[in-house]
Amino acid sequence: MAQDDLYRTVVLERAKAPRHAGPLPTATLNGQGSNPLCGDRVQLHAVLDGQGRIEAIRHETRGCAICAASADLMAGRVTGQNRTRVNRLHAELVEAVETGTAPEGLGELAAFAPLHQHRSRRRCALLPWSALIDMLNDDKDR
Amino acid sequence: MDQSVITSVHAAGSLRHVRADFPILSQKVHGKDLVFLDSAASAQKPRQVIDCMADTMRTQYANIHRGLYWMSERTTEAYEAVRDQVARFLGAAAREEVVFTRNSTEAINLVAHSYGGLLRPGQVVLVSEMEHHANLVPWQMLRDRTGVELRITPITDDGALDMEALAANLADGKVALVAITHMSNVLGTITDARAIIDMAHAAGAKVLLDGSQLAVHRRVDVQALGADFYVVTGHKLYGPTGIGVLWARRELLEAMPPFLGGGDMISTVSFERSTWANVPHKFEAGTPAIIETIGLGAALAYIESIGFDAIGAHEDALTAYALEALGNVSGLKVIGTAPQRGGVISFTMKDVHPHDIATLLDRNGIAVRAGHHCAEPLMRRLGVTATARASFGIYTTPEEIDLLARTLEQIRGFFV
């Protein structure tokens with residue numbers, strides 16, 4: 001069977017055995033994103049520190065392997081980061097899935113660069129990120 | 001592969017020759033032979049349709065119905081000849097009962113807007129749980145606009161229409177129109193149109209059948225069925241996009257107000273008032289999809305050249321074969337097991353999301369649909385968020401089913 005660059009080991013591993021999934025009882029921030037076209041849903045729970053950095057974050061994802069892996073890799077990557085840094089990472093991920101070339105420093109998130117060949121699946125990887133950005137923006141607006 | 005399947009499929013109209021008519025089937029996708037299993041979304045086009053449309057544009061094209069010159073008159077003849085063809089294809093009593101639309105969706109919207117506008121608050125439009133959004137949303141819009149009630153009749157767990165519930169829904173005599181699919185685009189279920197129509201008529205209701213899927217696979221005879229409205233779409237019938245058909249009983253069309261206003265649909269126009277053209281032209285405002293309509297004619301001629309006996313036999317054999325082959329894939333569950341069904345099979349696979357299935361099949365050249373198939377309420381009824389769906393056409397082979405089943409087994413192994 002022809003496999004796909006997209007389903008690299010890291011994506012499959014994180015989809016099958018996520019490291020950052022589940023509830024977070026101490027969460028002070030909760031957010032959600034869903035894709036009505038496919039029914040995928042990502043719930044996020046986070047705690048920020050005094051400087052607005054993400055101290056802890058967990059996700060509960062119901063979705064495809066790409067969405068689930070993206071949520072898990074995202075949670076690992078944004079821990080310790082502030083809103084500005086999250087926005088920059090998101091912009092770099094968008095660039096990667098649109099061009100197929102991952103900006104340096106994207107690290108494991110570069111696994112999603114092959115999505116540039118799968119236009120219809122880009123939103124699967126980006127859904128957790130838009131949920132996170134919405135959650136952080138809502139917090140800022142409060 | 002079971003020898004009897006090969007025999008019956010190959011007896012059904014020389015599959016090899018049929019495939020040779022579809023140029024796209026020789027395309028490669030990701031370096032693999034294209035295996036196209038998404039005909040229920042839109043079918044591929046034979047060279048007879050492609051050539052007919054290109055030849056029309058090359059040699060015989062002008063606007064229709066008004067030109068006083070040779071080229072316009074010939075194009076009008078070609079366009080109107082398709083109306084005769086469609087009338088024969090659907091078993092209509094008269095060519096005037098055939099209204100050209102953009103697709104099935106527009107045909108249903110036409111009925112919802114025009115016939116629906118004649119309904120009064122308190123009257124009921126009845127649809128089923130397994131409708132495509134195209135046969136649900138226009139009725140919701142009608143309900144919100146006019147105050148008619150929209151009633152949903154349930155399906156059974158195996159995906160058949162619940163006929164007892166239908167009878168109960170018709171019992172109060174308030175139902176003015178039953179709008180139901182003739183074949184589900186998700187479950188493959190073929191509804192018992194004759195029984196539905198008899199029950200509806202006994203309760204004083206008219207019946208619209210959404211034949212978008214069924215008309216591709218079985219002969220339709222609207223008079224034998226006793227239907228009141230029937231809709232089909234060209235692009236699923238191996239024809240072009242942008243052309244669909246509303247068939248309705250003449251007396252209904254005559255009683256209905258126009259849908260869109262403009263050129264071609266009028267008799268006389270002054271600044272004070274306009275009067276309408278006779279049916280069917282009353283419902284065909286503006287320059288229609290001329291080339292597409294002529295292309296639809298070529299598609300219907302192509303289907304007739306194979307014949308529904310052969311098409312039905314081919315697809316029945318293929319569907320039975322596919323249900324067995326897919327049933328043997330570990331973790332795979334077929335969604336919809338009604339006894340009367342056509343070549344549309346939805347399924348889920350344990351531990352593998354339908355979108356991942358579709359992407360990985362695509363990498364192997366196999367095109368299937370994944371998602372909610374424009375039937376979100378049905379997905380909720382079935383307790384799933386999405387399914388993968390393989391659907392067959394006259395060009396589908398048992399070897400392609402084998403490849404699908406084998407690749408699904410490998411995909412499953414990849415995830416578990």
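The values are calculated or read from the model by the stated rules, or taken from the named source; none is laboratory data. Remember, it's a predicted structure, so these values are computed and weren't measured experimentally. Quick reminder, even Gly has a Cβ in these numbers, built from the backbone with ideal geometry, and neighbours come from all protein chains shown.
Checking each residue in the range B:155-179 for being among the charged types (D, E, K, R) and either surrounded by 13 or more Cβ atoms within 10 Å (Cβ to Cβ) or over 16 Å from B:Ala193 (Cα atoms) (or both) picks out B:Asp157, B:Asp158, B:Asp162, B:Asp172, B:Lys174. Cβ separations smaller than 6 Å between residues 6+ apart or across chains give the following pairs from the range B:198-210 residues that are assigned by TED's automatic domain parsing to the domain that holds B:Leu136 to residues that are polar (S, T, N, Q): B:Asp210/B:Asn135; B:Asp210/B:Thr181. Within the bounds of the range B:306-315, is there any residue that is within 13 Å of chain A (Cβ to nearest Cβ), touching a residue at least 12 places away in the same chain (Cβ under 8 Å) and at positive phi? Looking through the range B:306-315, none of the residues is within 13 Å of chain A (Cβ to nearest Cβ), touching a residue at least 12 places away in the same chain (Cβ under 8 Å) and at positive phi.
Take B:Val232 and tell me if it is touching a residue at least 40 places away in the same chain (Cβ under 8 Å), crowded, with 23+ Cβ neighbours inside 10 Å and under 18 Å from B:Val178 (Cα atoms). When the stated conditions are applied, B:Val232 passes them.
Inspection of the range B:261-272 finds no residue satisfying the criterion of being β-branched (Val, Ile, Thr), in the same structural domain as B:Gly295 (by TED's automatic domain parsing) and at pLDDT 95 or above. Of the strands (runs of 3 or more DSSP E) lying entirely inside the range B:338-404, those containing at least 3 residues that are more than 14 Å from chain A (Cβ to nearest Cβ) and on the phi < 0 side of the Ramachandran plot span B:344-349. Evaluating B:Pro46 against the criteria (1) touching a residue at least 12 places away in the same chain (Cβ under 8 Å); (2) farther than 21 Å from B:Arg218 by Cβ; (3) under 22 Å from the mean Cα position of the chain (by Cα) leaves one unmet condition, (2). Among the residues here, B:Thr189 qualifies as assigned by TED's automatic domain parsing to the domain that holds B:Trp276 and more than 19 Å from B:Ala107 (Cα to Cα). Residue check: is A:Ile133 in a helix (DSSP H, G or I) and aliphatic (A, V, I, L, M)? It is true that A:Ile133 is in a helix (DSSP H, G or I) and aliphatic (A, V, I, L, M). You will find that of B:Asp210, B:Asp192, B:Asp198, B:Asp144, the residue that is among the acidic types (Asp, Glu), surrounded by fewer than 23 Cβ atoms within 10 Å (Cβ to Cβ) and under 22 Å from the mean Cα position of the chain (by Cα) is B:Asp192 and no other.
Residues in the range A:19-42 that are away from chain B (no Cβ under 14 Å) and either without any contact (Cβ under 8 Å) to a residue 60 or more places away in the chain or over 13 Å from A:Met135 (Cα atoms) (or both): 10 in all. Scoring B:Glu409 on the criteria (1) within 24 Å of B:Asp316 (Cβ to Cβ); (2) at pLDDT 95 or above leaves a single failure, condition (1). Taking the range B:191-266 as the region of interest, the strands (runs of 3 or more DSSP E) fully inside it that hold 1 or more residues being among the polar types (S, T, N, Q) are B:229-233. Suppose the filter is touching a helix residue (DSSP H, G or I) at 6+ places or on another chain (Cβ under 7 Å) and away from every other protein chain (no Cβ under 12 Å); does A:Val97 pass it? Yes: the conditions hold for A:Val97.
For every residue, the table says whether it meets (1) within 14 Å of chain B (Cβ to nearest Cβ); (2) out of contact with any helix residue (DSSP H, G or I) (no Cβ under 9 Å at 6 or more places or on another chain).
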{"site": "A:Ser70", "(1), (2)": "yes, no"}
{"site": "A:Gly80", "(1), (2)": "no, yes"}
{"site": "A:Ala102", "(1), (2)": "no, no"}
{"site": "A:Arg122", "(1), (2)": "yes, no"}
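Looking at A:Thr9, is it more than 26 Å from A:Asp139 (Cβ to Cβ), exposed (fewer than 14 other Cβ atoms within 10 Å of the Cβ), of a type in the set (S, T, N, Q) and within 14 Å of chain B (Cβ to nearest Cβ)? The answer is yes for A:Thr9.
For the range B:313-334, the set of residues classified as more than 17 Å from B:Asp158 (Cβ to Cβ) and within 25 Å of the chain's Cα centre (by Cα) consists of B:Ala313, B:His314, B:Glu315, B:Asp316, B:Ala317, B:Leu318, B:Tyr321, B:Ala322, listed by residue number. For the range B:96-148, a residue qualifies if it is closer than 23 Å to B:Met183 by Cα and without any contact (Cβ under 8 Å) to a residue 24 or more places away in the chain, and the qualifying residues are B:Val137, B:Gln140.
So is A:Ala131 surrounded by fewer than 24 Cβ atoms within 10 Å (Cβ to Cβ), more than 14 Å from chain B (Cβ to nearest Cβ), on the phi < 0 side of the Ramachandran plot and modelled with pLDDT under 95 or not? No; evaluated as a whole, the condition is false for this residue. Just one of (1) closer than 19 Å to A:Leu93 by Cα; (2) at pLDDT below 95; (3) under 15 Å from the mean Cα position of the chain (by Cα) fails for A:Asp72. It is (2).
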